[in-house]
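The values are calculated or read from the model by the stated rules, or taken from the named source; none is laboratory data. The structure presented is a predicted model; accordingly, all values stated were derived computationally and were not measured. So basically every Cβ, Gly included, is an ideal-geometry build from the backbone, and we count neighbours across all protein chains shown. The area values use the complete protein model at the heavy-atom level, side chains included, leaving out ligands, DNA and RNA. Shrake-Rupley method; radii C 1.70, N 1.55, O 1.52, S 1.80 Å.
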Amino acid sequence: MGDKVVIEPLNKSKKEDWQQILEETAGIWPHVDSKYVEELRLAAQKRLEETL
């Protein structure tokens with residue numbers, strides 16, 4: 001076989017875990033425009049929904 005290493009997490013993250021991370025990190029960049037942070041949050045939420 002080819003020279004290949006595959007690394008996979010033992011515990012796959014659940015949607016609830018990612019939602020908790022998003023909630024816990026809300027507001028950690030107080031000096032950044034809130035609209036920009038909201039755009040990042042929505043993009044992350046969309047990507048999460050597409051993958052889970």
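Within the shell of other residues whose beta carbon sits under 13 angstrom from the beta carbon of ALA26, the net charge comes to -2, with Lys and Arg scored +1 and Asp and Glu -1. What the chain shows is 100 Å² of accessible area per residue, with the surface traced by a 1.4 Å probe over protein heavy atoms.
For the range 27-35, 3J(HN,Hα) computed residue by residue from phi via the Karplus equation (6.51, -1.76, 1.60; θ = phi - 60°) reads x, 7, 10, x, 8, 9, 3, 5, 5 Hz, glycine and proline entered as x.
Averaged over residues, the count of other Cβ atoms within 10 Å places the peptides 24-31, 37-44 in the sequence 37-44, 24-31, highest first. Per atom type, the chain shows carbon and sulfur on 55% of its accessible surface, probed at 1.4 Å.
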